[in-house]
Amino acid sequence: MIVMQLTGGMGNQMFQYALGRHLAIKLNTTLKLDLSFFKTYEWHEYSLLPFNLNASIATDRELKAIKNEYGKWEKLLRRIMGNFQPSFATIEEQGLQFDRHILDAADNSYLLGYWQSEKYFIDIKEEIIKDFTLKIPPSIANQSTLDQIHSCNSVSLHIRRGVYATVPEVNKAHGLSPLDYYYKAIAHIQKQVDTPHIFVFSDEISWAKENLQ
């Protein structure tokens with residue numbers, strides 16, 4: 001199997017899944033997702049449930065074997081009883097640039113990283129699009145918004161704040177885009193799109209209402 005540790009928000013999880021899926025298809029093996037990160041992570045949760053994924057969730061028992069987290073006596077007992085587990089190679093991302101060698105990973109690999117490049121899955125683009133179709137229908141409110149989006153020259157404007165604004169260490173690492181950035185972006189879109197209708201998405205929509213004119 002290929003085992004992919006999922007971390008971060010939905011976007012990160014989608015990138016991680018996509019690489020894992022590519023490797024599983026290439027090696028004709030199964031993909032399992034390690035969700036243990038979310039047991040202690042307070043800012044995000046596992047977010048891929050709405051999608052038609054081709055993967056299963058790794059159990060605690062499987063993860064213990066994959067990470068070789070057995071005590072000395074448990075290892076000895078398993079050896080005596082002949083209860084062997086295939087050894088897993090742990091592959092950790094070394095930087096944010098695309099690393100083509102990752103696509104040569106062997107079966108029974110455990111991957112840690114963000115893998116934020118479409119080059120990790122472009123060869124199976126159609127499979128990924130299919131996997132990321134929704135299996136849970138939109139709510140009445142979301143369907144109403146979706147109908148509006150389809151009825152006009154819609155443009156999505158995303159304003160991310162949340163912990164980026166409220167947690168000093170996160171703010172220091174990522175920063176915030178100034179209002180001028182959004183106004184310049186809107187001005188650019190107005191030159192490219194006839195009668196654009198801007199839909200604003202944010203994790204702090206009250207701030208967006210107060211600050212965007």
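Let me know the volume per residue of the alpha-carbon convex hull for region 91-200, in Å³. Provide the component values of the computation, followed by the final result.
Values: hull volume 22.5 nm³, N = 110.
Enclosed volume per residue, from the Cα hull, is 205 Å³.
Taking amide H atoms as placed 1.01 Å from N in the peptide plane, list the residues 5 or more away in sequence, or in a different chain, whose amide H sits under 5 Å from that of residue 31.
2, 56
How large, in percent, is the carbon and sulfur part of the accessible surface of region 104-180 at a probe radius of 1.4 Å? Numbers along the way, then the final one.
Numbers: 2720 of 5070 Å².
Heavy-atom surface of region 104-180 belonging to carbon and sulfur, 1.4 Å probe: 54 percent.
Considering only DSSP beta bridges whose two residues both sit in the chain, what percent are antiparallel, to the nearest 5?
Close to 5 percent.
Note down the magnitude of the dipole of the chain about its Cα centre, charges +1 on Lys and Arg C-beta and -1 on Asp and Glu C-beta and zero elsewhere, to the nearest 20 debye.
It comes to approximately 480 debye.
Percent of Cα-Cα pairs more than 20 Å apart in region 143-213, please.
Numbers: 979 of 2485 pairs.
Within region 143-213, distances greater than 20 Å cover 39 percent of Cα pairs.
Could you give the length gained by full extension between residue 211 and residue 171, i.e. 0.36 nm per residue of separation minus their alpha carbon distance, to one decimal place? Working shown, then result.
On the way: separation 40, 0.36 × 40 = 14.40 nm, distance 1.91 nm.
Difference between extended and current length: 12.5 nm.
When Lys and Arg each count +1 and Asp and Glu each count -1, what net charge do the other residues less than 12 Å away from residue 59, Cβ to Cβ, add up to?
On the way: positive: 32, 61, 64; negative: 34, 60, 62.
With Lys, Arg at +1 and Asp, Glu at -1, the neighbours total 0.
Anything over 19 Å Cα to Cα? Flag those among 39/64; 26/125; 32/67; 26/64; 26/67; 39/67, in the order listed.
Numbers: 39/64 15 Å; 26/125 13 Å; 32/67 14 Å; 26/64 26 Å; 26/67 23 Å; 39/67 17 Å.
From 39/64; 26/125; 32/67; 26/64; 26/67; 39/67, over 19 Å: 26/64; 26/67.
Region 128-177: which trypsin sites (Lys or Arg not before Pro) are DSSP loop and have at most 14 other beta-carbon atoms within 10 angstrom?
Numbers: sites: 130, 135, 160, 161, 172; in loops: 135, 160, 161.
Filter output for region 128-177: 135.
Which residues make up the longest stretch of the chain clear of GluC sites (Glu not before Pro) that lie in a DSSP loop with no more than 14 other Cβ atoms within 10 Å, not counting the sites?
Working: sites that count: 42, 45, 69.
By the stated rule (loop sites, at most 14 other Cβ atoms within 10 Å), 70-213.
How large is ³J(HN,Hα) for each residue in region 29-44, as worked out from phi by the Karplus curve 6.51 cos²θ - 1.76 cosθ + 1.60 (θ = phi - 60°), to whole Hz, x for Gly and Pro?
Those phi angles translate into 9, 9, 10, 10, 10, 8, 9, 5, 4, 7, 5, 10, 8, 8, 9, 9 Hz.
What length, rounded to one decimal in nm, is gained on full extension from residue 107 through to residue 187, with 0.36 nm per residue of separation minus their alpha-carbon distance?
Working: separation 80, 0.36 × 80 = 28.80 nm, distance 4.93 nm.
Going from the current span to full extension adds 23.9 nm.
According to a simple spin-label model (label point 7 Å from Cα along Cα-to-Cβ), what is the distance in nm between residue 163 and residue 150?
3.5 nm
Rg and Dmax in Å for the chain, alpha carbons only: what are they?
My reading of the Cα-based Rg and Dmax gives 21.4, 73 Å.
Note down the relative contact order for the chain as a percent, whole number, built from C-alpha pairs under 8 angstrom at least six residues apart.
Values: 256 pairs, mean separation 44.6, N = 213.
Across the chain, relative contact order equals 21 percent.
Sorting 40, 30 by accessible area (1.4 Å probe), largest first, what list results?
40, 30
How much accessible area per residue does the chain have, counting only protein heavy atoms and a probe of 1.4 Å, in square angstrom? If you can, show how the numbers build up before the last one.
On the way: 13900 Å² over 213 residues.
So the chain comes to 65 Å² accessible per residue, rounded to a whole number.
The values are calculated or read from the model by the stated rules, or taken from the named source; none is laboratory data. Quick caveat, the model's predicted, so the values are computed rather than measured. Note that each Cβ is placed from the backbone with ideal geometry, even for glycine, and that neighbours are counted across all protein chains shown. We work out accessible area using only protein heavy atoms, side chains counted, and drop any ligands, DNA or RNA first. Shrake-Rupley method; radii C 1.70, N 1.55, O 1.52, S 1.80 Å.
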